[in-house]
Amino acid sequence: MQTEIKFAGFGGQGILLSAKLLAHAAMKQDYFVAWVPSYGPEMRGGTAYCTVVISDRRIGSPIIKNPAHLVAMNRPSLEKFAKDVKKDGVILINSSLIPTRSERNDITELIVPANDTAIAAGSVKAANIVALSAFAAKTQIVDLALLKDCVKEEFAAKAKIIPLNMKAFDEGVAIAEQS
């Protein structure tokens, strides 16, 4: 088993953090993992992306042209990467910022109002956690309880924002379960 996930959005949306949290949860499940970020001048405002490869055997190359799945947090990311997703993959679309769809009928679209849900939970900064948990719940790539623990660990030094992120996490899971 090997699966590849591309996370993409504007710099500052927590794209790299979402990917890192998924990779961390997969590592805790004893999978082989590659986490390959792409950042630089695009970190604040341009398109930033990160690829996570999860496998039950050694990973030959972390460079992936056609990921199995895509988490698109903004429209330019959806337009740039949706065509690359493998048949039968999942494309999460942040409908708070993306009014269009992938226009593909060979994949599953998961429509998640990540920004709106995060704002309702307490802060737009948690939109990445909403998207991550919805994606993980839909695909079952990693154990959700383990992923939730990884989110808590990530924010342990900022304990006051853990409840916000737990609420965002739970809301994301609920959206995926309803879709």
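The values are calculated or read from the model by the stated rules, or taken from the named source; none is laboratory data. Being a predicted model, the structure only gives us computed values, none of them experimental. For neighbour counting, all protein chains shown are included, and Cβ atoms are generated from backbone atoms with ideal geometry for every residue, glycine included.
Some notes on this structure:
- You will find that of 80, 28, the residue that is closer than 29 Å to residue 149 by Cβ, of a type in the set (Lys, Arg) and in contact (Cβ under 8 Å) with a residue 60 or more places away in the chain is 28 and no other.
- Residues located in segment 68-98, provided they are under 19 Å from residue 141 (Cβ atoms) and among the polar types (S, T, N, Q): 94
- Residue count for segment 120-179, restricted to those that are in contact (Cβ under 8 Å) with a residue 12 or more places away in the chain, of a type outside the set (Ser, Thr, Tyr) and not in a helix (DSSP H, G or I): 4
- Residue count for segment 52-62, restricted to those that are in contact with a Ser or Thr (Cβ under 8 Å, 6 or more places away or on another chain) and either among the hydrophobic types (A, V, I, L, M, F, W, C) or surrounded by 24 or more Cβ atoms within 10 Å (Cβ to Cβ) (or both): 2
- Residue-level analysis places residue 62 among those that are modelled with pLDDT under 95, farther than 18 Å from residue 172 by Cβ and more than 15 Å from the chain's Cα centre (by Cα).
- Within the span defined as segment 54-76, one or more residues are part of a strand (DSSP E or B) and farther than 17 Å from residue 130 by Cα.
- Residues within segment 43-53 that are polar (S, T, N, Q) and in a loop (DSSP other than H, G, I, E, B), tallied: 0
- Evaluation of residue 123 against the conditions (1) over 25 Å from residue 54 (Cβ atoms); (2) crowded, with 19+ Cβ neighbours inside 10 Å; (3) of a type in the set (Gly, Ala, Ser) shows that the sole unmet condition is (2).
- Residue in segment 21-33 that is buried (at least 16 other Cβ atoms within 10 Å of the Cβ), part of a strand (DSSP E or B) and of a type in the set (A, V, I, L, M, F, W, C) present: yes
- Test for residue 115: is it among the polar types (S, T, N, Q), within 20 Å of residue 19 (Cβ to Cβ), modelled with pLDDT of 95 or more and in contact with a Pro (Cβ under 8 Å, 6 or more places away or on another chain): no
- Residue match in segment 91-100 (condition: surrounded by fewer than 16 Cβ atoms within 10 Å (Cβ to Cβ), more than 15 Å from the chain's Cα centre (by Cα) and of a type outside the set (D, E, K, R)): yes
- Against the criterion of being in a helix (DSSP H, G or I) and farther than 20 Å from residue 127 by Cβ, residue 87 does not qualify.
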